[in-house]
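S.K.: Would you mind keeping the following structure in view while I ask a few things?
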Amino acid sequence: MLTKDLLRVSRAGGGYHLRFADREHRPLAARVIGTYQGHVGETRGALETALTDLERDADDFKLVRGLSALLERDADFETDATLDPERARKAAFEAAEAVGVVDADERTMALVRAGESLGVSADDLADSLYADLEERQVLADLQSRWEPDDLVAQYNLSLAQTALFDATELRVRSSDPKALVSAIKRLRLMYEIRRLDAGANDGSGADPGIAEREVIVTGPTHLFRATRRYGTRFARLLRTVAAAEEWRLEATIDDRGTERTLSLSQADPVRVPDADPVAEVSFDSAVEADFAGRFSTLDLEWDLVREPEPLATGTRVMIPDFAFDYEHGGPDIDAVDSRAASASRDRGFRVYFEIMGFWTPEYVEKKLAQLEGLEDVELVVAVDESLGVGAEIAARDFRAIPYDGTVPMKDVAAVLREYERQLVAESAASLPEELRPDEDALSLESLAGRHGVSEDALADVAFPAHELVGRTLVRPALLESLAADLEAGMDLADAEDALEAVGISDSSAVLSELGYRVEWEGLAGGTLVER
């Protein structure tokens, strides 16, 4: 970004049009780069004088200053002095007080005395006195990342970012909406997604496919208190927007109290140079990062998914912060509730999770409206107690978990275990009273997976043709056959091979059922002995 005083914009006709640099400004960019390179080893004052001369020759001094501001970020200025300036000044002022400086000769005498006390010449002392002033600092090095074309491109990107700092709202359509929303969430911006007609063509010349969804981002000037941190993150989003093949952006700009519209698209000279990558935020907020870290330590049969697929809410789209996937349950598990139909048959049962922090009253109302429009989903909302909207969330038939600072894991775990109990009960109800698998031996885990239920759901099912040995169903005839094949003194490894050959992996339970125990021989293995 540039400083606001370097913004170049035309308001002709009541519009808001950025004055981008183009190909014809490449020579000017080269001259600015050359000016910096040519002043390595010289003072900042000399550099600024040369840049001022360049401004006089250019059509727009703001363009020169903008290009210079980008280069200065790569410049390393140092204080070049024989003595530390503060030490030099202290010695000089003490000597001047002793001499009683009134004229130039007395000043010279004071400098000589001060220099003698520090072991340096009067000239070196004089040169060191104010060497730390900004204009006297020396350009020690320039690690420039820019060729002229790249500097022009970076200028245009920075110009647009500077304009967006004053935006109240940003509306974006992109051919890569997933990357766009992901960046918005990483940058911790407030947003919503509006679904549009898939075949709409707004005349922008962009691929009609980008019009299917419009992402609306709340700008920094629309907050209770516009913060520079939020504004900077808001402007940085443009890097992701401009990286897409097809994109269109409209921003409502607060132009000194007047609302104006800034329109940009892939047709404008806004691109992302290879240099200056944007560091990405790992989570949308510290609350989310803390929650994800603590959830991973819980012993739950749920997988945490970050940024799951969008959910339709009326004419808009909502992307919850997380989703919980239950690792048990399959094709019939969505019989639990009509809303559970949204759970993918391939992944089992899914519960969405939204962390609702404190933003603005308008944003809270939008969130509540989104919840109102959600259908056929299971959603849990962790809501900041300061919002006072827990009852309104519950009234929309969603579970609300209040939090203050951090999301209480105990409450989250309790909700998920309640879902588990409901899933087990409903899946058990869908099973017949008895099952007769064709296999001679079959684990409960395999049978549960076959019927799309949890193992616990099989607890009340009868198996007339099998005996339950540990967690394995085994036909009595197979147990008799195994009893004849196994004998005391047999090596454990041989016994396990015999069991695996007939589909039994739970060897300890079956061996115990047949009257054997294992006599271990160190770490090398063991042999079967009668119980």
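S.K.: Could you point to the residue in W146, I401, L249 farthest towards the positive end of the chain's charge dipole, with +1 and -1 charges on the Cβ of Lys/Arg and Asp/Glu respectively?
M.R.: L249
S.K.: Moving on. Extending each Cα 7 Å along its Cβ direction at K178 and V112, get the distance between those two points in nm, one decimal.
M.R.: Output for this residue pair reads 8.0 nm.
S.K.: Tilt of helix 361-373 relative to the longest C-alpha principal axis of the chain, in degrees (0 to 90, nearest 10)?
M.R.: For 361-373 against the chain, the angle is about 30 degrees.
S.K.: Can you run phi through the Karplus equation (6.51, -1.76, 1.60; θ = phi - 60°) for the stretch 374-384 and list ³J(HN,Hα) in whole Hz, with x for Gly and Pro?
M.R.: Each residue of the stretch 374-384 in turn: 6, 9, 6, 9, 9, 9, 10, 10, 8, 10, 4 Hz.
S.K.: Could you work out how far apart the two model spin labels at E467 and D60 are, taking each label as a point 7 Å from the Cα in the direction of the beta carbon, and quote it in nm?
M.R.: According to this spin-label approximation, the distance is 9.0 nm.
S.K.: Let me ask something else. Taking loop as defined by DSSP and a crowding limit of 16 other beta carbons within 10 Å, which trypsin sites (Lys or Arg not before Pro) in the stretch 34-89 fit?
M.R.: Taking the stretch 34-89 and a limit of 16 other Cβ atoms within 10 Å, the loop trypsin sites (Lys or Arg not before Pro) found are R73.
S.K.: Can I ask one more? Could you give the size of the charge dipole of the chain about its Cα centre, using +1 on the Cβ of each K and R and -1 on the Cβ of each D and E, expressed in debye and rounded to the nearest 20?
M.R.: The dipole magnitude comes to about 2660 debye.
S.K.: Tell me, what is the percent relative contact order of the chain, built from C-alpha pairs under 8 Å that lie six or more residues apart?
M.R.: It comes to 9 percent, rounded to a whole number.
S.K.: Tell me what the chain gives for mean residue ellipticity at 222 nm when only DSSP H runs of n ≥ 4 count, each as -39,500 (n - 2.57), the sum divided by the residue total, rounded to 500 deg cm²/dmol.
M.R.: The helix contribution divided over the chain gives -12000 deg cm²/dmol.
S.K.: Picking from L187, F463, A104, whose Cα lies most toward the positive end of the charge dipole for the chain (charges on Cβ: Lys, Arg +1; Asp, Glu -1)?
M.R.: Going by the charge dipole, the pick is A104.
S.K.: Where both residues lie in the chain, what percent of DSSP beta bridges are antiparallel, nearest 5? Can you show the working numbers first?
M.R.: Numbers: 60 of 71 bridges.
The antiparallel proportion sits near 85 percent.
S.K.: Still on this structure, please answer the following. Assuming 0.36 nm per residue, please report the length gained on full extension of the stretch K4 to R306 beyond their Cα-Cα distance.
M.R.: Working: separation 302, 0.36 × 302 = 108.72 nm, distance 3.65 nm.
Using 0.36 nm per residue and subtracting the Cα-Cα distance, I get 105.1 nm.
S.K.: Once you mark the GluC sites (Glu not before Pro) that are in a DSSP loop and have at most 11 other Cβ atoms within 10 Å, what is the longest gap between them in the chain?
M.R.: 1-244
S.K.: Beyond 29 Å, what share of the Cα-Cα pairs of the chain remains, rounded to the nearest whole percent?
M.R.: Here the long-distance tail beyond 29 Å is 70 percent of all Cα pairs in the chain.
S.K.: What full-extension length gain, to one decimal in nm, is calculated for Q37 and S446 as 0.36 nm per residue of separation minus the Cα-Cα distance?
M.R.: So the extension gain works out to 140.1 nm.
S.K.: Here's another thing I want to ask about it. Percent of Cα-Cα pairs per 10 Å bin, from 0 to the last occupied bin, for the stretch 1-131, please list those.
M.R.: With 10 Å bins starting at 0, P(r) equals 11, 28, 19, 17, 16, 7, 2.
Quick note: the coordinates plus some simple rules give every number you see, no bench work behind them. Quick caveat: nothing in here was measured; it's all calculated off a predicted structure. Neighbour counts are summed over all protein chains in view; Cβ atoms, including those assigned to glycine, are modelled from backbone coordinates with ideal geometry.
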